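> Dropping the structure in here first, questions after.
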Amino acid sequence: MAVNSAELSQIVDGLSGDVKKISPKYFYDERGSQLFDEITRLPEYYLTGAELAIMRDNIDEICTLVGKRASLIEFGSGSSLKTRVLLEHLSELAAYVPVDISKQHLYAAGAQIRDEFPHIDVQPVVADFTQPFQLPSPAVMPVRNIVYFPGSTIGNFEYDAAIELLRVMHHEAGEDGALLIGVDLQKDPALIERAYNDSAGVTAEFNLNMLRHLNRDYGANFDVTEFAHSANYDQDNGRVVIELISKAKQTFAVGNTEFELADGEAILTEYSHKYTLDGFAAMAGQAGFRVAKVWMDAERLFSVQYCVRL
Ligand code: AVJ
């Protein structure tokens, strides 16, 4: 496979600063996507179960807010159960528009949705959803656009980038549009940390797999056995900090660029932000949204929020 040079320089840049980091997007090769699926089924990973329960328990009210003949625009390729709950219950949907940068992943997921829901007009869009993109024109003219962003994936973005992404959503929602978004909530740090340090070690595998991905597809030479998984909740900043910790002083290369790591030095691979209701509302407000409705599970672990334009 030819190395994508824009991505390669992104990786080298991230490793060249004071704090070494690699974007979480490099978790998701084929094995990484499988491991993430496994994570969503772990007993400690409360997010997926809580969000699915919220969707099921409130689906009638959600459908009433979305209304008839909406176009559902999912940011991400949408192979999840949560999406299926929505598609099963929304009536007279004008179109379902999953948006993802990975064409292969998107088309495979799209074909499966078409199979399961033959009456739905599925219109996949290959695009980097952090930048504005062109929406398709379905046969049925949509009454409104509903942007769907489940999973608390917003948590991967730092404050400014999250607002920027919410602004793209605001733009794609258009005049009478809205945003339906999954948002993980701040809670007992021990509970959060357990979700990212599961006893079966799947999250550790997921984190380490990023190095194998870089070795295979980006000409890196990481010795994976020389790294350890680490995930700590930083309560002051309301985020889980996920890192790969070097077990020794070592060197590695990515393409032609060499790097040094001290014993115990970290490579940051992911932030997973957790929000208060007020904190998320303020952020949404910065992007032109008003939170019109919040649904939560009984334990208030997770939220699904319906945001309309200010
Ligand atoms: C896909 C970004 C929502 O932050 O919980 C899970 C990714 N990383 N375990 C999250 C993840 C480690 C996940 N998101």
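> Looking at region 129-149, I want the residues that are farther than 15 Å from Met169 by Cα and part of a strand (DSSP E or B) and have a partner that is modelled with pLDDT of 95 or more and among the acidic types (Asp, Glu) with Cβ atoms under 7 Å, at least 6 apart or on another chain. Which pairs are those?
Qualifying pairs under 7 Å: none.
> Among the candidates Tyr96, Tyr46, Tyr26, which residue alone is of a type in the set (Phe, Trp, Tyr) and without any contact (Cβ under 8 Å) to a residue 60 or more places away in the chain?
On the way: Tyr46 fails: without any contact (Cβ under 8 Å) to a residue 60 or more places away in the chain; Tyr26 fails: without any contact (Cβ under 8 Å) to a residue 60 or more places away in the chain.
Just one listed residue meets the conditions, Tyr96.
> Scan region 261-296 residue by residue and report those that are of a type in the set (D, E, K, R) and under 20 Å from the mean Cα position of the chain (by Cα). Talk me through it step by step, then tell me what you get.
Quick first cut of region 261-296, residues of a type in the set (D, E, K, R) only: 263, 265, 270, 274, 278, 290, 293.
Passing the criteria: Glu270, Lys274.
> Same structure again: Are any of the residues in region 122-130 hydroxyl-bearing (Ser, Thr, Tyr), within 16 Å of the ligand (Cβ to nearest atom) and exposed (fewer than 14 other Cβ atoms within 10 Å of the Cβ)? I'd like the intermediate steps shown before the answer.
Step one: filter region 122-130 for residues hydroxyl-bearing (Ser, Thr, Tyr), giving 130.
Remaining after also requiring within 16 Å of the ligand (Cβ to nearest atom): 130.
With exposed (fewer than 14 other Cβ atoms within 10 Å of the Cβ) added as a condition, the list becomes 130.
There is at least one residue in region 122-130 that is hydroxyl-bearing (Ser, Thr, Tyr), within 16 Å of the ligand (Cβ to nearest atom) and exposed (fewer than 14 other Cβ atoms within 10 Å of the Cβ).
> Next question. Here's a check for you: in region 36-48, which residue that is surrounded by fewer than 16 Cβ atoms within 10 Å (Cβ to Cβ) and assigned to a loop (DSSP other than H, G, I, E, B) is nearest to the ligand (Cβ to nearest atom)?
Among them, the one singled out is Arg41.
> If you don't mind, another one. Within region 221-228, is even one residue surrounded by 19 or more Cβ atoms within 10 Å (Cβ to Cβ) and either farther than 18 Å from Phe27 by Cβ or within 16 Å of the ligand (Cβ to nearest atom) (or both)?
Filtering region 221-228 down to residues surrounded by 19 or more Cβ atoms within 10 Å (Cβ to Cβ) leaves 222, 227.
From what's left, either farther than 18 Å from Phe27 by Cβ or within 16 Å of the ligand (Cβ to nearest atom) (or both): 227.
Yes, because at least one residue in region 221-228 is surrounded by 19 or more Cβ atoms within 10 Å (Cβ to Cβ) and either farther than 18 Å from Phe27 by Cβ or within 16 Å of the ligand (Cβ to nearest atom) (or both).
Listed here are the residues, each with its yes/no results for (1) acidic (Asp, Glu); (2) farther than 17 Å from Tyr26 by Cα; (3) away from the ligand (no atom under 13 Å from the Cβ); (4) not in a helix (DSSP H, G or I).
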{"residue": "Glu193", "(1), (2), (3), (4)": "yes, yes, no, no"}
{"residue": "Ser199", "(1), (2), (3), (4)": "no, yes, yes, yes"}
{"residue": "Ala204", "(1), (2), (3), (4)": "no, no, no, no"}
{"residue": "Asn207", "(1), (2), (3), (4)": "no, no, no, no"}
{"residue": "Met210", "(1), (2), (3), (4)": "no, no, no, no"}
{"residue": "Asn215", "(1), (2), (3), (4)": "no, no, yes, no"}
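> Out of everything in region 49-60 that is free of Cβ contacts under 8 Å to residues at least 40 places away in the same chain and more than 16 Å from the ligand (Cβ to nearest atom), what residue ends up being farthest from the chain's Cα centre (by Cα)?
Initial filter on region 49-60 (free of Cβ contacts under 8 Å to residues at least 40 places away in the same chain): 49, 52, 56, 59-60.
Okay, now just the ones that are also more than 16 Å from the ligand (Cβ to nearest atom), so 56, 59-60.
Working: Arg56: 21, Ile59: 22, Asp60: 25 Å.
The qualifying residue farthest from the chain's Cα centre (by Cα) is Asp60.
> Of all the residues that make up region 3-26, how many are part of a helix (DSSP H, G or I) and either away from the ligand (no atom under 15 Å from the Cβ) or within 19 Å of Asn221 (Cβ to Cβ) (or both)? Quick ask: steps written out before the conclusion?
Residues of region 3-26 part of a helix (DSSP H, G or I): 5-16, 24-26.
Checking which are either away from the ligand (no atom under 15 Å from the Cβ) or within 19 Å of Asn221 (Cβ to Cβ) (or both) leaves us with 5-16, 26.
The number of residues fulfilling the criteria is 13.
> Just checking, does region 176-187 include any residue being away from the ligand (no atom under 16 Å from the Cβ), of a type outside the set (A, V, I, L, M, F, W, C), over 15 Å from the mean Cα position of the chain (by Cα) and modelled with pLDDT under 95?
Yes, region 176-187 contains at least one residue that is away from the ligand (no atom under 16 Å from the Cβ), of a type outside the set (A, V, I, L, M, F, W, C), over 15 Å from the mean Cα position of the chain (by Cα) and modelled with pLDDT under 95.
The values are calculated or read from the model by the stated rules, or taken from the named source; none is laboratory data. Bear in mind that the values here come from a model prediction, so they are computed numbers and not experimental data. With ideal geometry, Cβ positions are generated from the backbone for all residues, glycine too; neighbour counts draw on all protein chains shown.
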